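Heads up, the thing below is written out as structure tokens.
The values are calculated or read from the model by the stated rules, or taken from the named source; none is laboratory data. All figures in this text were calculated on a predicted structure; none of them were measured in a lab. Cβ placement follows ideal geometry from the backbone for every residue including glycine, while neighbour counts extend to all protein chains displayed.
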Amino acid sequence: MIKLSEDSKKSLIEIHKNNSITLEGNILKLIDTSGDNEFHEYISAAIEKDKESRKKRLEVTKTVQKQNEELVKWKEKNEKINEELKTALTETEKLKNNAEKAKLRAENDLDILQKKTQYELIGAIVKSSLWIVIGIGVTTTLLFSYVVIKDLENDVIRNAWSNIIGILLTNSFSILGTIMGVKYATEKSSDTSSSKKCEYCSK
């Protein structure tokens, strides 16, 4: 046990009365208070005060630990949310790029289909026109040949045949020229629209 002098005891008691400051810690359990009731009361009060201080410090420590645990959980949750946001943004970019590619493919397929339809239509018109020209020319030629073979009056038929052949040739070239002009204009407009589309996409 630790024995203090009378002066030390009185000094500690005076400090407690004037400033409310007492000894703290486990040393209080080692101080000998036998034979001095006033100092015994001081030590008892100091021990109680030390217990209260320890209790408050323990509560503060627990509060700080709890707050630290909450902060750690919040940090982990925040990091998880950030990762999910990054993943969502990446997926959105992929979907956007896929949508743009699909749009370009669809536009390209539509353009090809339109050109194919136009070419098929032009081909059908050309074939029909040629067959009509050939049919009329053959029919007229056969009729003229029959008249010549039978030695019939053929001046009118000869003139009619010449006129019909001339008209058919003129019309056939006119039809072909019109079809080729339409085809050229269609291809030119398609190239122009494609170049505009590319400029817009590049912007």
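What is the residue count in the stretch 1-47 for residues that are in a helix (DSSP H, G or I) and of a type in the set (A, V, I, L, M)? Before the answer, list the steps.
Step one: of the stretch 1-47, the residues in a helix (DSSP H, G or I) are 6-19, 26-30, 37-47.
With the extra rule that they be of a type in the set (A, V, I, L, M), the set shrinks to 12-13, 15, 27-28, 30, 43, 45-47.
Of the residues in the stretch 1-47, 10 are in a helix (DSSP H, G or I) and of a type in the set (A, V, I, L, M).
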Quick count over the stretch 147-156, residues being assigned to a helix (DSSP H, G or I) and at pLDDT below 75, is 4
Within the stretch 22-53, the residues that are over 17 Å from residue 5 (Cβ atoms) and charged (D, E, K, R) are 24, 29, 41, 48, 49, 50, 51, 52
Counted residues in the stretch 113-135 being closer than 15 Å to residue 167 by Cβ, at pLDDT 75 or above and surrounded by 12 or more Cβ atoms within 10 Å (Cβ to Cβ) come to 2
request  = Would you confirm whether any residue within the stretch 110-120 is over 30 Å from residue 180 (Cβ atoms) and not aliphatic (A, V, I, L, M)?
outcome  = no
Of the listed residues (133, 64), the one being part of a helix (DSSP H, G or I) and under 30 Å from residue 24 (Cα atoms) is 64
